[in-house]
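To start, the structure under review is shown below, and the notes come after it.
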Amino acid sequence: MRKIERVVKNLSKYMLIYTLLILYLLIVIFSSGCPKNPEEHYISALPSSAQILFVSNMDTGSRTKEIYAMDDNGEDVTRITHSPYHHCIVGIDRTKRYILATRVVEDTDSPEGLGDEDRKSLWLLDLETGNEKRLTDTSNNAEGDSFSPDGEWIVFHMVLAGENQADIYKMKIDGSGLTRLTHTNDATESDPSWSPDGENIAFVSYSAQVPRFVLKIMDSDGNNMRTIYDPADTVATPYFKPGVYDPSWSPDGQWIVFEKPVHYSGENGDAGIWHIYKIHPDGTGLVDLSKQGGHESMAEYLPSFSGDGRQIVFSARYGSSDPANVQIDIFVMDDSGSSLSRLTDFDTIEDFGVWIK
Ligand SMILES: [Ca+2]
Ligand SMILES: [Ca+2]
């Protein structure tokens, strides 16, 4: 009888241990499938209201910026990335499935004015599956935001490890097919943007012979390179070489928008004054949109047309010459530079706005 009691006792002891073990395993399994907590790394879906992507440090409380979406009134602000990464410029393909994100590899330099001198790499974020894939080697310094219109390729500029000049490359979005499009070891080509018909790539180029960034176009295979605008009247600023930056196409392919520093005496957080322009791809019809619209005192940059071509979103630094107190926000204007409207009014950094087309 005692023996039976002991067996039953031992059995219940083992059953208790066994039950606890099962419970522990169930907790482990279920907690990994639970709703995400803020410490976890994941991508949120793009809301149907989303019209503009941008980056902001509104939730990180540090220099690190995450990707957000909003509508064209600055409403419905939605955080897309929850990550350990510092994001710079971003782009999105026409299917709205893939984001091309430029992420800082290493914070090697302390933040300095407009400068963002750290080494960066390109990542493809899949909004449908939540997967993320790094596309460029972390020993190189790559930056880009532009897809081919068929969504199969990205185009970007990259400084190879050990070099001090950039060239333009394209690559398939799965990371295959890396192709160098420019082959100049004595010039830096950067800021490439694919035309809406897929035929051309606009970019900027700086060389010892022409020591300012000029606006160029080439065929999308790298041939037939030609200068369409040489900004001889541009000025130098502490953090950027003189010239034009960030060309981007109108949806009908009739215009290219870009920015240029036009004055420097420490304004706008030591950035100086930058205006946004548009020009036809054949180099005719130059318009200073900032001047036309009567907002010529800010540092305006990274213009991006809306899908209907009637509006342009851009970023601007304004309000203080002190870099620590300068305001950075996303603005929108119409395609003639008028009807200026500020979309973000947070007291944090809202930067690099692009239209989701
Ligand atoms: Ca080069
Ligand atoms: Ca702000």
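The values are calculated or read from the model by the stated rules, or taken from the named source; none is laboratory data. It should be emphasised that the depicted structure is a prediction, and the values quoted were computed from it without experimental measurement. No Cβ is skipped: glycine too gets one built from the backbone with ideal geometry, and neighbour counts run over all protein chains shown.
Things to note:
- Any hit, segment 240-255, residues being within 16 Å of ligand 2 (Cβ to nearest atom), within 21 Å of the chain's Cα centre (by Cα) and crowded, with 23+ Cβ neighbours inside 10 Å: no
- Scanning segment 284-297 for residues that are touching a helix residue (DSSP H, G or I) at 6+ places or on another chain (Cβ under 6 Å) and not acidic (Asp, Glu) gives no hits.
- Test result for Asp145, modelled with pLDDT of 95 or more, more than 16 Å from ligand 2 (Cβ to nearest atom) and in a loop (DSSP other than H, G, I, E, B): no
- Matching entry among Thr81, Thr136 (being of a type in the set (S, T, N, Q), in contact (Cβ under 8 Å) with a residue 12 or more places away in the chain, crowded, with 17+ Cβ neighbours inside 10 Å and within 16 Å of Ala50 (Cβ to Cβ)): Thr81
- Residue in segment 314-357 that is nearest to ligand 1 (Cβ to nearest atom), counting only those that are charged (D, E, K, R) and touching a Phe, Trp or Tyr at 6+ places or on another chain (Cβ under 7 Å): Asp351
- Annotation: of all residues in segment 226-272 being in contact with a helix residue (DSSP H, G or I) (Cβ under 9 Å, 6 or more places away or on another chain) and not hydroxyl-bearing (Ser, Thr, Tyr), the one that is modelled with the lowest pLDDT is Pro238.
- Boolean, Pro231 is touching a Lys or Arg at 6+ places or on another chain (Cβ under 7 Å), part of a loop (DSSP other than H, G, I, E, B) and under 25 Å from Tyr264 (Cα atoms): yes
- If the condition is being farther than 21 Å from Gly269 by Cα and outside any loop (DSSP other than H, G, I, E, B), then segment 289-306 contributes Leu289, Gln292, Ser304, Phe305.
- Matching residues, segment 59-96, being closer than 24 Å to Arg119 by Cβ and in a loop (DSSP other than H, G, I, E, B): Thr60, Gly61, Ser62, Arg63, Thr64, Lys65, Ile80, Ser83, Pro84, Tyr85, His86
- Positions within segment 163-191 being in a loop (DSSP other than H, G, I, E, B), more than 14 Å from ligand 1 (Cβ to nearest atom) and either closer than 22 Å to Pro211 by Cα or without any contact (Cβ under 8 Å) to a residue 60 or more places away in the chain (or both), in sequence order: Asp174, Gly175, Ser176, Gly177, Leu178
- Here Ala324 clears all of (1) in contact with a strand residue (DSSP E or B) (Cβ under 9 Å, 6 or more places away or on another chain); (2) modelled with pLDDT under 95; (3) within 16 Å of ligand 2 (Cβ to nearest atom) except the condition numbered (1).
- Evaluating Gly309 against the criteria (1) closer than 24 Å to Pro192 by Cβ; (2) without any contact (Cβ under 8 Å) to a residue 40 or more places away in the chain; (3) in a loop (DSSP other than H, G, I, E, B) leaves one unmet condition, (2).
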